[in-house]
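**Student:** Provided herewith is a single structure, encoded as structure tokens, for subsequent inquiry.
No value in this document is a laboratory result; all are computed from the given coordinates. Only a predicted model underlies this, so the values are computations on that prediction, with no experimental measurement involved. Ideal geometry is used to build each Cβ from the backbone, glycine not excepted, and the neighbour counts take in all protein chains shown.
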């Protein structure tokens, strides 16, 4: 029983640490590419399913992992979308990008 708990909590700590690393890299690199957004959305769905499963199985380490993943990936998704909106706004506000002159 003790070995299973050590494995479960170790796996949870590694997983959550990986998510924090993803958040740090996302914030420091300002990555707003579509793959980052897709990765975050897929993980939100996955985390939601893990939360349901962990509640059914009464598995606390998995519940903590799923909840922290859901929280962190939700923040990531909001951050990526807000950066994409801001970048699109900046690009559309720059003169010359959306207009052209036809010489007659």
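**Student:** I need the fraction of alpha carbon pairs in the range 2-93 separated by more than 15 Å, rounded to a whole percent.
**Tutor:** Details: 2629 of 4186 pairs.
Pairs farther apart than 15 Å: 63 percent.
**Student:** On a full-extension model of 0.36 nm per residue, what is the gain between residue 75 and residue 93, subtracting their alpha-carbon distance, rounded to one decimal in nm?
**Tutor:** Residue separation times 0.36 nm, minus the Cα-Cα distance, leaves 3.8 nm.
**Student:** OK, next. Relative to the present Cα-Cα distance, how much length would full extension add between residue 48 and residue 10 at 0.36 nm per residue of separation?
**Tutor:** Extra length available between residue 48 and residue 10 comes to 11.6 nm.
**Student:** Mind ranking 5-11, 44-50 by how tightly packed they are, going by the mean number of other C-beta atoms within 10 angstrom, highest first?
**Tutor:** 44-50, 5-11
**Student:** Also: Please give the FRET efficiency for residue 2 paired with residue 58, using the beta carbon to beta carbon distance and R0 = 25 Å, rounded to the nearest 0.05.
**Tutor:** 0.90
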